[in-house]
Amino acid sequence: MTSLSDWIAATKNTSALKPDDLIDVLSNVNLKQADTPSPTEDAKPAPSSPDSSAPGNKDEEDKPLSVAEKSLLQKIVRRGLIESKQELEIQRKDPHSPLYSVKTFEALHLKPELLKGVYEMGFYAPSKIQETALPTLLADPPHNMIAQSQSGTGKTAAFTLTMLSRVNPSIQEPQVLCLAPTYELAIQIGEVVAKMGKHITDLSVRYAVRGENLERNKKITEQIIIGTPGKVLDWGLKYRFFDLSKIKVFVLDEADVMIATQGHQDFSIRIQKRLPSDCQIMLFSATYDKEVMEFAQDMVPNPLIIKLKREEESLDNIKQHYVMCKNIDEKFEAVSNIYGVVTIGQAMIFCHTRKTAAWLAEKMSKEGLNVGLLSGELTVEQRLSILDRFREGEF
Ligand SMILES: Nc1ncnc2c1ncn2[C@@H]1O[C@H](COP(=O)(O)OP(=O)(O)OP(=O)(O)O)[C@@H](O)[C@H]1O
């Protein structure tokens, strides 16, 4: 069983109250302020509790999310940029290459149509990782790079910018190859390419993912291929739909997810071996443990390695409270009391089991609140849709 502080994980827009006023109001609903994160609560659930029907508890049957699904959800949840205050750790294999960073996109001397695309996406200044990565990625001769930083720090935008600045739209053949671990992640990258490259004329992208097929003896004319390793290997090596030796830029995104997916690592290595020696290779990963590091170093010769330490979530402006409840009905009462005294714009309530979540959602809906249910039985697409609707303020 969990306490209310597990239920009420994040609330925002708690009316116009100042934090101290809020504490006063909350004390009236018997909330205690926590010195430490959520206390444990041993109280047994009342008979009416959905948790009490343990034997048939469907939550035990929850299929865990795959690494790729987690990564996709994280990408969607974190729509905005995470601006890190952490120092970058930079390792250079080539002692002669200059180490510098830029504070503006203009300083990168991008093609005007590309700069326009960047600005239209609302990017006014490079993110921390972009400041250091971009001058190196865009330098001539090109440098290889391994970059590790958590999701949302601007890696996709950094390699997309590099792909788009190196591609020659007047040549109708693949010059840029980007590998992603899943169909969904490939599409996400394609969307960024489309937005950022919107003003580049004659540029097109071909997805090499499940469901995409080509007639034998066809040649791909799109300049950028974004795909999953198996399909790309088939198209490049087995069917020769494009010439791997003409690739100028090779990106391997989500390397940590890649190695967690059966077969992807081998396929990626086989693709990499067919690339020309002057091809620029970039590898990105949210984590960088030993296995990822070994794979990265196999894939990327002579790289600049950039690592950005994970940003600790700051709790400075978040006050935590808890209510001691004997059972789940008391918990519901506590939630209702809070809703009774504070105007809550939006809230996320985390429950211990999906059954509890469904029960609570139904009870709250009956009280006239707009509630969305997000739990294990939904597909990734359904979850994304709920998150989108939440973001749009529907709940
Ligand atoms: N320089 C920037 N200024 C403002 N927003 C940015 C900038 N760079 C990226 N973003 C935005 O920040 C979010 C995260 O960026 P991006 O997807 O490139 O990060 P990432 O490290 O690849 O994370 P993920 O793996 O989750 O995609 C995106 O919404 C992107 O549009």
Answer with yes or no whether L110 is of a type outside the set (V, I, T), within 14 Å of the ligand (Cβ to nearest atom) and touching a residue at least 40 places away in the same chain (Cβ under 8 Å).
yes
State whether the residues of segment 179-189 include one that is in contact with a Phe, Trp or Tyr (Cβ under 7 Å, 6 or more places away or on another chain), within 13 Å of the ligand (Cβ to nearest atom) and in contact (Cβ under 8 Å) with a residue 60 or more places away in the chain.
no
Of the residues that make up segment 103-112, is at least one within 22 Å of Y288 (Cα to Cα) and in a loop (DSSP other than H, G, I, E, B)?
no
Mind listing whichever residues of segment 326-346 are of a type in the set (K, R) and either free of Cβ contacts under 8 Å to residues at least 60 places away in the same chain or part of a loop (DSSP other than H, G, I, E, B) (or both)?
K326
In segment 84-130, which residue that is small (G, A, S) and modelled with pLDDT under 70 is farthest from Q148 (Cα to Cα)?
S97
Would you tally the residues in segment 137-170 being more than 10 Å from the ligand (Cβ to nearest atom) and either open to solvent by less than 20 Å² (accessible area, probe 1.4 Å) or among the acidic types (D, E) (or both)?
8
Of the candidates S285, S268, the one satisfying the condition of being hydroxyl-bearing (S, T, Y), crowded, with 23+ Cβ neighbours inside 10 Å, touching a Lys or Arg at 6+ places or on another chain (Cβ under 9 Å) and at negative phi is S285
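The values are calculated or read from the model by the stated rules, or taken from the named source; none is laboratory data. Since we're looking at a predicted model, the values are computed, not measured. Reconstructed Cβ throughout: ideal geometry from the backbone, glycine too, with neighbour counts over all protein chains shown. Protein only, heavy atoms only, side chains kept; ligands, DNA and RNA dropped before computing areas. Shrake-Rupley method; radii C 1.70, N 1.55, O 1.52, S 1.80 Å.
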